[in-house]
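Laboratory data are not the source of any read-out in this text; all were calculated from the coordinates shown. As the structure is a computational prediction, the values presented were derived from the model and not from experiment. All Cβ positions, glycine included, derive from the backbone under ideal geometry; neighbour counts span all protein chains shown.
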Amino acid sequence: MNEQDVDRDDFTAEIQSICQVKVEEFTALGYESVKVRDIWRCAKWLTRGTNRLYALVDAILSMRIDQFMNFQMANAYRGMLDENDEEHNESNKPMV
């Protein structure tokens, strides 16, 4: 890890508050079912391949509703909208 890379866990509270701002923005636009965890997952997807805090914050603050909806649609097709669904996770394991 170089100087500019960060451990995102060190900034969890701050990042969650930024995600909450984006949730409120999308709610004001009429998308009332958006949750903080959905914004967080989309931001991680948008910044895949980088571990820089500024990139994550930028992804959250500049996220457009079309980017978010594309992410949600892609995950819906993959059946990944609920990460906590253990049955789903077990059924997607490759058979050996």
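On the basis of the beta-carbon distance and an R0 of 22 Å, ARG52 and ALA74 show a calculated FRET efficiency of 0.40.
Counting other beta carbons within 10 Å of each residue's own, what order do TYR31, TYR77 fall into, fewest first?
Numbers: TYR31 15, TYR77 9.
In order of increasing Cβ crowding within 10 Å: TYR77, TYR31.
When only alpha carbons of the stretch 8-78 are considered, Rg and Dmax amount to 11.6, 32 Å.
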